[in-house]
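Trainee: Just dropping this structure here.
The values are calculated or read from the model by the stated rules, or taken from the named source; none is laboratory data. Because the structure is predicted, anything quoted here is derived from the model rather than measured. Every residue, glycine as well, gets a Cβ built from its backbone with ideal geometry; the counts of neighbours run over all protein chains shown.
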Amino acid sequence: MGHTATDALKESAAEAAASLVSDGMIVGLGTGSTATFAVNALGRRVREGLRIIGIPTSERTARQAVDLGIPVSSLAEHDHVDMTIDGADEVEIGTLNLIKGHGGALLREKIVASATERLVIVVDDSKLVERLGSRFAVPLEVVPFGWQATAKRVRGLGAHAAIRLNADGSPFLTDGGHYILDCAFGPIEAADALERELSETVGVVEDGLFLGMTDRVVVGGASGVRTLTRSRL
């Protein structure tokens, strides 16, 4: 796997986001291909003398951070996070509402994002959409027991729901020991109403709709890096 043009866009945006971190911060460390670039950039800054404590959103990110020499801790020790840098599968232009969870860490990502003062999202420009659900399914972290019944309930909300599988055909397991249902709704007209319905669905632990959680998205594109801010209604 070489360094693709898309990787270069993600990396340039991730570098810009990492530059927002300042000395002494507690920093949430996201999960996924774009977040990996941001954690790498932070690791380089730590080697240059930046003092931060990282709160990883997955076991994978925790291993990466430790390998890079970033001191890591948890929300048990630090209940306030100054800034979290993470990626997203889709960013809705204007609202900056997000779909996250393609990397399989949506529950921990949402817990850390909810504890953070500033959530900075890093994407390449292919992730920008006019309406959430246009390209990506909404991941749901679900309890393995009776997941088929949970999937049936979600299909009743209008989704095509499929369990996420590993390469060997076994169900993908999150760090919390849950399954993931990838639920394709198509373009979502009322994301807040859908999130309420999903949160009330028995068996759903968490959903991949991150609504109103960020006001800054750093976007890497062919013409460079730009920052989107949320429209104030």
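Trainee: Would you pick out the residues in segment 13-33 that are of a type in the set (S, T, N, Q), modelled with pLDDT of 95 or more and touching an Asp or Glu at 6+ places or on another chain (Cβ under 9 Å)?
Mentor: First, the residues of segment 13-33 that are of a type in the set (S, T, N, Q): 19, 22, 31, 33.
Restricting the remaining residues to those that are modelled with pLDDT of 95 or more gives 19, 22, 31.
Residues satisfying the conditions are 22, 31.
Trainee: If you check every pair at least six apart or on different chains, which have Cβ atoms under 7 Å apart with a residue in segment 39-57 that is of a type in the set (Phe, Trp, Tyr) first and a residue that is surrounded by 17 or more Cβ atoms within 10 Å (Cβ to Cβ) second?
Mentor: Listed by first residue and then by second, the contacts come to nothing, as the list is empty.
Trainee: I would also like to ask the following. Do any residues in segment 165-180 that are closer than 19 Å to residue 107 by Cα have Cβ atoms under 8 Å from those of residues that are exposed (fewer than 10 other Cβ atoms within 10 Å of the Cβ) and not small (Gly, Ala, Ser), where the two are at least six apart or on different chains, and which pairs are they?
Mentor: Every condition considered, the pairs that remain are 172/166.
Trainee: Assess whether residue 142 counts as being surrounded by 22 or more Cβ atoms within 10 Å (Cβ to Cβ), outside the structural domain of residue 171 (by TED's automatic domain parsing) and at pLDDT 95 or above. Break it down stepwise before answering.
Mentor: On the way: surrounded by 22 or more Cβ atoms within 10 Å (Cβ to Cβ): yes; outside the structural domain of residue 171 (by TED's automatic domain parsing): no; at pLDDT 95 or above: yes.
So residue 142 does not fit the description; no.
Trainee: Sort out which residues of segment 44-96 are among the polar types (S, T, N, Q) and not in a loop (DSSP other than H, G, I, E, B), and write them in order of number.
Mentor: To start, the set of residues in segment 44-96 that are among the polar types (S, T, N, Q) comprises 57-58, 61, 64, 73-74, 84, 95.
The answer is 61, 64, 84.
Trainee: Taking residue 188, is it in a loop (DSSP other than H, G, I, E, B), surrounded by 14 or more Cβ atoms within 10 Å (Cβ to Cβ) and outside the structural domain of residue 111 (by TED's automatic domain parsing)?
Mentor: Details: in a loop (DSSP other than H, G, I, E, B): yes; surrounded by 14 or more Cβ atoms within 10 Å (Cβ to Cβ): yes; outside the structural domain of residue 111 (by TED's automatic domain parsing): yes.
So residue 188 fits the description; yes.
Trainee: Please verify whether residue 75 is more than 16 Å from residue 26 (Cα to Cα) and at pLDDT 95 or above, treating the condition exactly as stated. If you could, list the steps in order and put the result at the bottom.
Mentor: Numbers: more than 16 Å from residue 26 (Cα to Cα): no; at pLDDT 95 or above: yes.
When the stated conditions are applied, residue 75 does not pass them.
Trainee: If you don't mind, there's one more thing I want to ask. Would you check if there is a residue in segment 13-28 being surrounded by 21 or more Cβ atoms within 10 Å (Cβ to Cβ), free of Cβ contacts under 8 Å to residues at least 60 places away in the same chain, farther than 16 Å from residue 125 by Cβ and not charged (D, E, K, R)?
Mentor: Yes, segment 13-28 contains a residue that is surrounded by 21 or more Cβ atoms within 10 Å (Cβ to Cβ), free of Cβ contacts under 8 Å to residues at least 60 places away in the same chain, farther than 16 Å from residue 125 by Cβ and not charged (D, E, K, R).
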